[in-house]
Each structure stands twice: as C-alpha cells, then as structure tokens.
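Report on the following structure.
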Amino acid sequence: MTETTANVALLALGVCAILVALTILGEVLRARQPAGRANPVLDTYQTRVESWWVIVVLVSLALLAGRAGAVILSLFASFAALREFLTLTTKTRADHLSLALAFFAVLPVQYLFVWLGWTGAFTVFIPVYAFLLLPVVSALRGESRRFLVRVAETQWALMICVYCLSHVPALLTLRIEDADDGPVLLIAFLFLTVQFGDLLDYFFGRRIGRHKIAPDLSPKTREGMACGIACAALIGAGLHWITPFCLFGAAAMAALISAAGMMGHLVFAAIKRDKGVRDWSHLIPGQGGVMDQLDSVMFAAPVFYHVTRLIWG
C-alpha cells in the first residue's frame, strides 16, 4: 500500500466517522420532534447528510483508482449534469446536431485532454473552439427563432457542467513539489471543504440567520454564509497535511473555494427559479439531481485549480 492510498483510506474513515456523528445528531433531533409533526429544515439536513454518504463513497473509490477513476467519475457526472441542464433549456430541431456534438464530441474530447494532461488544450477547448463551432452548426440549419437564447444556454451548460467540472480531475495533472503520486488528495480537500461549508452554511443559516442575501432566490443568510465559510476555513486548516499548503494557506484556500461554491449555489438557485423548478431532476430520490449535489463544486473547482497552479504549481 502506497502512502497516498493509506492517506485516502485514513481520510475516508475519518469522514465516515464525522458522517456517523452527523447522522446520529439528525436522528436525535428527529426523535425530539413531536409525533406526527414534520420539520422541513431537519428533513433537508438529513437529506444532505445522506447525499454526503454517496459522495464520500464514490469520491473515495475514484481517488483510490487514481487519475483514471477521477476522470471517469467526473465524465459521467458531467454527462448527467449536462443532460439535466439542457432538459430545461430552449431548443428546436435545428439544434439536434449541435446537442449531439456537445454530448458525444465536446464532452469526451475535453476529458481526453484532461487525461492526457494537455493543460493548454483543455483550458481553451470549450471557451474558444466549442464556443465558436456549435453556433455555426446551429446557424447552418437555417432556424433563427430565439437563436441567441438557444446558443447561449447550450454554451452556458457546457461551461458549467463540462468545463468547470473537468477541473476536478485536472487537479491530478498539476506538478507540485513533494507530491510524488500527484496531488490526489487535493480532490478530497476540495470536496470536503466546499460540501461541509455548504452543510454548515445551511445549518447555521436556519439557526441564527436573520438577513437573507437574496430573499427572492434563496434562504441563504449572511450569518449562515459567514459561519459556513469560517467553518470551512477551520476544516481546511485541519486538512492542511494532505495539501502542499501551509496551515494559513490551507485555511485561506478553503475559505475562498467555499465562498465560490456558495455563490455558485446562489446562481443555480436563480436559474431554477427562472425555469420554475425545485430540483434539476429526480435522479436521486428525494435529493434532486447531480446538479443539485455538485453545483457548489462546479463553481469552486476552476477557482481552486487555477489558484493552486498559480501559487503552488
């Protein structure tokens, strides 16, 4: 067993212990509820903890498999997320070819570039070449009705669901000093700080939150967000041993990506409100879809990748 494998296993056990404690806490709070009386806040909290169990198992298996596992898991997550997003967008028959190219050409090519470690290719492929190519494909079909809306929604979907999410396995392509097996545990750092920050933002926002950030979009509060970011920073500091960052650097990075993730959650809340839906899909019973679980990670991943590459790469 290599040192990286041992660290992944140790980290997975530690996270499982935390999730056991959070699950027990939820059950204790549920037992204190009056019989026959529902508590939506507690139900949502329990749902998020349950989704965390699934995420921890999948991410742990992917990390143990190395770059191949991370790329394959992210590719399937991108495919599912892209499907959820595009299901809610405006499309006509003239867009069928461009949609097929998005799913079966742009998406796999993006992850092929990540797999090969071609940094220059995967960082510009979607924002430049797919951005220019797909509108041409749609325009050649001769349908101008709501053309700009159709094209913009497809490009936005690719940027978020494929480009941003592909930065998760792209972390393994970074060359960082004293990380001989590749910075595998940076993926664990990203997920743990962002997701726990979200969970604690929700918990404290319901407990002590008073001032909503965007009342018409989301129940997020300033107090909950501040507590979530602060807790994420503490978690990041505690996990600095799995990163190339110093104690302060890990705390600052965790706070940064947690804040980015929360802003991403707010953006997706606005999109869902605009489309008139509560969840992106019903893929995960009672918990929505892939987008509902990974919206924060999608916003945080490129920020984490580029800041890490700029300072420590």
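Any read-out appearing in this document is the output of simple, stated calculations on the displayed coordinates, not a laboratory observation. Given the structure is predicted, the values throughout are model-derived calculations rather than measurements. Backbone-built Cβ (ideal geometry, glycine too); neighbour counts: all protein chains shown.
With a/c under 1.5 counting as rounded, go ahead and sort the chain into rounded, prolate or oblate using the C-alpha gyration tensor (a ≥ b ≥ c being the square roots of the eigenvalues; past the cut-off, prolate if a/b is larger than b/c, else oblate). Taking the square roots of the gyration eigenvalues as a ≥ b ≥ c, the chain is oblate. Across the chain, the relative contact order, built from alpha-carbon pairs under 8 Å that are at least six residues apart, equals 18 percent.
Counting Lys and Arg as +1 and Asp and Glu as -1 over every other residue whose Cβ lies under 11 Å from the Cβ of Asn39, the net charge comes to +3.
Once R0 is set to 41 Å, what does the formula 1/(1 + (r/R0)^6) return for the Cβ-Cβ distance between Phe147 and Arg32, expressed as a FRET efficiency to the nearest 0.05? Result of the calculation: an efficiency of 0.15. Within a straight-line Cα-Cα reach of under 26 Å, Lys91 can be paired with the following lysines, leaving aside sequence neighbours fewer than 8 residues apart in one chain: Lys272, Lys275.
Order of Trp312, Trp280 from fewest to most other C-beta atoms within 10 Å?
On the way: Trp312 18, Trp280 25.
Exposure proxy ranking, most exposed first: Trp312, Trp280.
Between Met225, Gly209, Thr243, the Cα set farthest toward the positive side of the dipole of the stretch 181-251 (charges on each charged residue's Cβ, about the Cα centre) is that of Gly209. Evaluated with a Cβ-only charge set (Lys, Arg +1; Asp, Glu -1), the stretch 157-313 carries a dipole of roughly 640 debye about its Cα centre, given to the nearest 20. Considering the options Gly276, Phe76, Pro34, tell which one lies farthest towards the positive end of the dipole of the chain, charges being +1 on Lys and Arg and -1 on Asp and Glu at the Cβ, about the Cα centre. Result: Gly276.
Taking amide H atoms as placed 1.01 Å from N in the peptide plane, the amide H of Thr221 lies under 5 Å from those of Ile213, each 5 or more residues away in sequence or on another chain. In this simple spin-label approximation, Lys212 and Val20 carry label points 7 Å from Cα along the Cα→Cβ vector, and these lie 3.9 nm apart.
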